[in-house]
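Nothing in this text is a laboratory measurement; each read-out follows from the coordinates by a stated rule. Small disclaimer: the values here were computed from a predicted structure and weren't measured. A quick note on method: Cβ atoms are made from the backbone with ideal geometry, for glycine too, and the neighbour counts reach across all protein chains shown.
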Amino acid sequence: MFEGLKSKLQNIQKTFGRSIEAAAVVEAPAAPAPIPGKKPDTFVSRVKNLVIERELIVSEKDINEPLAELEMALLENDVALDVSDAIIGYMKENLVGSHRKIGTSVDTVVAGALRGALLQVLGEGFDPLAYVRAHERPVKILITGVNGTGKTTSIVKMAHYFKINGFSVVLGAGDTFRAGAIEQIAEHARRLGIKVIQHQEGSDPAAVIYDTVEYAKAHNIDVVLADTAGRFHNRKNLMSQLDKIRRVMKPDLVVYVDEAVAGNDAVVRAKDFNDLVGTDAVMLTKADMDPRGGAAISIAHTIGKPILFLGTGQGYDDIVPFRPETIVDELVGVEG
Amino acid sequence: MLDSLSSSLKDALKKIAGKTVVDRAAVEELVRSLQRALLQADVNVRLVMHLSQSIKKRALEEEPPKGMNVREHVLRIVYQELVGLMGNAGKTDLSRQTILMAGLQGSGKTTTTAKLARYFQRKGLKVGVICADTFRPGAYRQLATLCAKINVPIFGDPAEKDALLIVRDGIKRFAETEIVIIDTQGRHALEDELIKEIVDINEIAAPDHRWLVIDAALGQQAAEQARRFNEAIGIDGVLITKMDGTAKGGGALSAVSETKSGIVFIGDGETIDDLERFDPDSFISRLLGMGDLKALTERAEEAMADEEMDVNAMMRGKFTLRDMYRQLEAVNKMGPLKQVMSMLPLGGMQIPEDAYDVTSTKMDRYKVIMNSMTSAELDDPQIISGSRVHRISRGAGASPEDVRELLKYHRVMQRALKGMRGSKFSMQRMMKRFGKSQ
Ligand SMILES: Nc1nc2c(ncn2[C@@H]2O[C@H](COP(=O)(O)OP(=O)(O)O)[C@@H](O)[C@H]2O)c(=O)[nH]1
Ligand SMILES: Nc1nc2c(ncn2[C@@H]2O[C@H](COP(=O)(O)OP(=O)(O)O)[C@@H](O)[C@H]2O)c(=O)[nH]1
Ligand SMILES: [Mg+2]
Ligand SMILES: [Mg+2]
């Protein structure tokens, strides 16, 4: 994941570096004339100031070309158009008119701005294990998202992750709509030795999930994970059904699942789900398909919620906790 | 977001409309807003750059054909280039055939398999379905449940792990069946073993079609994925799923371009009947956003509230002559028709310029003609045959040409309104979006 964006971004940093360097040569301010009657040490410091700490002002013109390049790289890597606009805007704001001391390397300045932009967009991380440890049990987690993004697989992976980290879990088969969905989650659970509460196909999903929570309370289970049927954010009745489920379950965390390969629509639906039922954290699946990773940036920027996990394959172990700094280090290169 | 996008397209178009010669700055502005619309629809970044270069070049270098103004000339080029991007519509016919379904995990292969079974069954053909997904738990149950609803036989075995075995036996089992559809497990470009599996299935089944199922939301990955599938089995058609959401399906165009094939069907819902043949015009209007539908519908609603015109029904394509009559009556309140229609950024380009030229005398004549139609004719203009045309023209004291012109005008309007539709839920969606953006 992020391989494509990474190599592009690193090239662009160099371009930025060159443009600003070039600007430095042309626009270096003339040395101020020495003021007579000052102490010699001031003169020394003035020279030092001239040679090492003289400040340069970066103009928009200097960075237009690399910014255009950065924009292309972001778009090609599936960062949604609006989000790419925001990142470019941030870069501009941070570089144009900034005073750069001549002693600092241009690369550091650019890397700093880019790192700042990406970290701002990716937001804070989220440690699910710490969360569960700190919380009253059972911790109730509701999974939401559009059709086919990998909700059921992800919920099973999360259950497995919590289980190997020492927590007891129960699954609620809340997709009572899609043909074969109950069998799918039940079979996964059977293979992993995890309890699943299920009703009939076509039954009320809120009822199954309610029963799952009751089961967890009665059996001192640490974590409840409730699956739901995929639904599109523009279907009013399905979204209000989800809202009803949320009201019945009273989840501690609503985890919204989308896939790394989604393009610009990732932003639209993430926003609608967040507005209509609320999202606390995001799981981004199918990261193994896509070395680009733009959707992570798009979604995080749009709803400002942390990304919890990446899904990286169809196996139960293909789940990786998401850490923004690690990703940004990878993209921009380690700081310093 | 979408709103501002289409309005920048609209503004760019307006600027061109005022010119007498093709103006570089105006063309560049148009191309820029077009680029943004296409990028936001997930059309491949390189395809977009290529397309905009070629639109710019043609708009500036080609002479406008005689009798065509600058705006029409530029729009025609934009339209032609966009249609070129769509490829040819994917081929399908009703002959005996085997279809192999391929695609990424969760793209909608199984659901679309059942929809296709339904489609061919409706055409009176015998259909059989093979479940070659031996990986995903519940995959057999999913397909079996869907097929049971429509009484289509399914071959498969949830306990068997070897997909090749199932395909071999399934092909034998359905030797006498006219249409055989093979559903497979999901896979992606980097999964060499799974790619090999579908290569082997392709060899055993020797299908007539190998269709790639693409989720409408798929982004820039589409090109890379399609290239790998095409290399592996030779894709000859693309199916887009989940067009009932808000995604624009631009990724599918990358797939079309990589595979040199075309889009065959569009899936736009979770039920078995939600399958449509591909229509480039409505696809394009969706790609570019629906334009200033808000202003249009608001003004339309305002003007027509008392006329009880059902704007929603019109958007669904139920635009009868009766509606048109009311519309003509309301036109004064709404402003000139041309202005109303041009609020749709490029929906307008499918409409011949003279369609707008409804002068008030013409409008009056149309009303007189419609007054001599029967109720049934007003509700369903399709039934107006040659003899009816003559009867109406005599009744209205007009020529048969006038009646035919009116009918043509109605068809144009109906098409235009339908083009705005894009998908079943777009109206609600647009309303919601507009509601929010206020
Ligand atoms: N390659 C890959 N496939 C995945 C991943 N997560 C889920 N899938 C597959 O995507 C398909 C849809 O997943 P599912 O969990 O049923 O999606 P749901 O409809 O959202 O519940 C299945 O074939 C899964 O095996 C992932 O991280 N990587
Ligand atoms: N709304 C909508 N959902 C769809 C459409 N096609 C498939 N789906 C849903 O997308 C999910 C994945 O579809 P499925 O056929 O299982 O995908 P597969 O993994 O490729 O076989 C399921 O929840 C389907 O109901 C469509 O056109 N519209
Ligand atoms: Mg599911
Ligand atoms: Mg399937």
Computed FRET efficiency, Cβ-Cβ of A:Glu60 and B:Asp11, R0 30 Å: what is it to the nearest 0.05?
0.80
For B:Ile214, the residues 5 or more places away or on another chain with a placed amide H closer than 5 Å to its own amide H are B:Leu239, B:Ile240, B:Thr241
State the extension gain, in nm to one decimal, for the chain segment bounded by B:Thr271 and B:Val21, taking 0.36 nm per residue of separation less the distance between their alpha-carbons.
84.9 nm
I'd like the mean, over residues of A:234-247, of how many other protein chain beta carbons sit within 10 Å of each residue's own Cβ.
2
Between A:Glu136 and A:Glu69, what FRET efficiency follows from the Cβ-Cβ distance if R0 is 41 Å, with the result rounded to 0.05?
0.25
Could you check the spin-label model distance between A:Val96 and B:Glu401? Points 7 Å from the Cα along Cα→Cβ, value in nm.
6.0
Cβ-Cβ FRET estimate between B:Ala159 and A:Lys195, R0 fixed at 30 Å, reported to 0.05:
0.80
What is the count of Lys pairs in segment B:97-290 whose alpha carbons sit under 16 Å apart, if the two are 8 or more places apart or on different chains?
8
